[in-house]
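Here's the structure, in structure tokens; my notes come after.
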Amino acid sequence: MKDILIIGMVDSIHTFHWIERIADGDLRIDLLASRKYRRIHPDLRELLDRQENVKLLRKFPNTRLSPYQDYLSSLILRIFRKDRSQVLKKVIKSRKYDYIHALEIQHAGYVLLGALEEIQSDSQLIVTNWGSDIYYFSQFPSHEKKIRRLLQHVDKYSAECSRDYDLATELGFRGNFMEVIPNSYSFTPPKIDSMRSSSRSQVTGKCYGGQFGLGRIVIECAEEVLRINEEIEVFLYSVTQDLESTVKELVSKFPGRVRYAGIKDSLSHESLLDEFANSRIYIGASRSDGISTSFLEAMSQGAYPIQTNTSCASEWILKGCLGSVVGTSKAQILEAVLISIEDDALVDQAQVQNPKVLEINTDPQHLNAIAKSFYA
């Protein structure tokens, strides 16, 4: 049985999905949090409870203040200035691992970078690129230097599109590239097969702001469409706090036609799939991204996808998916939205074709087998 140490965000659904893929294999898996956290993701907590071969390291002990344990753990770590790399050094001194896998670079990868001198020579190092890890951050000299050093020491690298493999090569990686697969998506069958996409009137948009999101442009496009077409309704989700007041203004301008869910609202995964299954169009816009799990999930449910070209979406179009990959300007996104509102044949064809392409390329058993091959 092989011993694996995974460094990752324990509050992330993506970490859960990766570990779920490999947990039923002949592996002993230890998980080390790559950053401070207020909670363990509920799905990951349930997996930890049922899988004896998966263990969370440095877990704060249960107390009567259990709902606050993750926050208190974070507070204690901050008080005692326990740098994550120092914690990792202690972990790998106490136990030998066949593989040490950093899930994501900006936290987990940098934690691994800070402990390289303690790594035993017979431990293989893996790093997985998430979202904007290389595509965005390598533009900044301080990050580029860290990324280059990290990639020069790891044995295996994985990402969600060939774009990031090319960038890794440019940044000095000379190890083995693992097969390109989505980090956090497995095929989800359509929830509503009988409802043609052309009969749907909802436009759904991901509304991230902050450093990477272009949610403000999504809001502006939504307002234009609502004004032009009185039959259209809009649902905006993952609305970040910097955009919430703008979304509320949109709700007041078009009463009864706009709904939204904030980034901190309890919108379940099943509820989001329901929204996609009732949507004619999905809009995803960002300054930088990987594949975007929402892009794939929206396609699986028959929503026509519009995604900015700062992501890996174009590689799925090459696989046979139907969608619009556009620039990041309001004009380009709005044009794609208006075309897909008018073209019933286009959205209906996408509804039929896209799930077939996704099922072929993201079958859960197939992805699980590839994930397990990382540790062979």
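Just so you know, all these numbers are worked out from the coordinates, no wet-lab data involved. From a predicted model like this one, the values you see are computed outputs, not experimental measurements. With ideal geometry, Cβ positions are generated from the backbone for all residues, glycine too; neighbour counts draw on all protein chains shown.
For a quick protection proxy, order the peptides 136-143, 214-221, 309-316, 40-47 by their average other-Cβ count within 10 Å, most packed first.
Going by the mean number of other Cβ atoms within 10 Å, highest first, we get 214-221, 309-316, 40-47, 136-143.
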Legend entry - Contact order normalised by residue count of segment 211-363, Cα under 8 Å, 6+ apart, percent: 21
Inset, instruction - Show that you can apply the helix-only estimate: for the chain, add -39,500 (n - 2.57) for every DSSP H stretch of four or more residues, divide by all residues, and state [θ] at 222 nm to the nearest 500. - result: -12500 deg cm²/dmol
Inset, instruction - Collect residues whose amide H, placed 1.01 Å from N in the peptide plane, falls under 5 Å from the amide H of Lys2; neighbours closer than 5 in sequence don't count. - result: Arg28
Inset, instruction - Enter the angle in degrees (range 0 to 90, nearest 10) between the Cα long axis of helix 364-373 and the first principal axis of the Cα atoms of the chain, meaning the one along which they spread out most. - result: 30
Legend entry - Partnerless cysteines, meaning none of the other Cys C-beta atoms lie under 4.7 Å away, in the chain: Cys207, Cys221, Cys321
Legend entry - Spin-label model distance (nm) - Ala376 vs Asp49, 7 Å beyond Cα toward Cβ: 3.4
Inset, instruction - Fewest Cβ neighbours within 10 Å first, please rank Ile317, Ile181 accordingly. - result: Ile317, Ile181
Legend entry - Rounded to 10°, Cα long-axis angle of helix 241-253 versus longest principal axis of the chain: 20
Legend entry - Pairwise centroid distance, computed over Cα atoms, of segment 244-300 with segment 99-164, Å: 31
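Give the order of Arg50, Arg163, Arg196 when sorted by the count of other beta carbons within 10 angstrom, beginning with the fewest.
Numbers: Arg50 8, Arg163 18, Arg196 15.
Ordered by Cβ neighbours within 10 Å, fewest first: Arg50, Arg196, Arg163.
Considering only DSSP beta bridges with both partners in segment 197-361, what is the antiparallel share in %, to the nearest 5? Let's see the in-between values first.
Numbers: 1 of 21 bridges.
The antiparallel fraction comes to roughly 5 percent.
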Legend entry - Per-peptide average of other Cβ atoms within 10 Å, ordering 112-118, 339-345 highest first: 112-118, 339-345
Legend entry - Residue (of Leu27, Ser286, Ile370) at the positive-pole extreme of the chain, dipole from beta-carbon charges: Leu27
Legend entry - Tilt relative to the chain, helix 84-94 - C-alpha long axis, 0 to 90 degrees, to 10: 50
Inset, instruction - Could you calculate, for segment 143-250, the ratio of the Cα radius of gyration to the Kirkwood radius, expressed as Rg to Rh? - result: 1.14
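In debye to the nearest 20, how big a dipole does the chain give about its Cα centre with +1 on each Lys and Arg Cβ and -1 on each Asp and Glu Cβ? Write down the numbers at each step before the final one.
Numbers: 46 positive and 49 negative charges, 393 e Å.
The dipole magnitude comes to about 1880 debye.
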Legend entry - Zero-based 20 Å bins, Cα pair distances in the chain, whole percents: 27, 55, 17, 0
Inset, instruction - Grab the eigenvalues of the alpha-carbon gyration tensor for segment 197-361, scale each by 5, take roots, and send me the semi-axes largest first in whole angstrom. - result: 22, 17, 15
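I want the local charge near Phe295. Using Cβ-Cβ distances under 12 Å, sum +1 for each Lys or Arg and -1 for each Asp or Glu among the other residues. Mind dumping the intermediate values first?
Working: positive: Lys206; negative: Glu160, Asp289, Glu297, Glu315.
Charge balance near Phe295 sits at -3.
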Legend entry - Listed residue pairs exceeding 20 Å between alpha carbons, taken from Lys145/Lys372; Lys36/Lys372; Lys55/Lys264; Lys93/Lys145; Lys36/Lys264: Lys145/Lys372; Lys36/Lys372; Lys55/Lys264; Lys93/Lys145
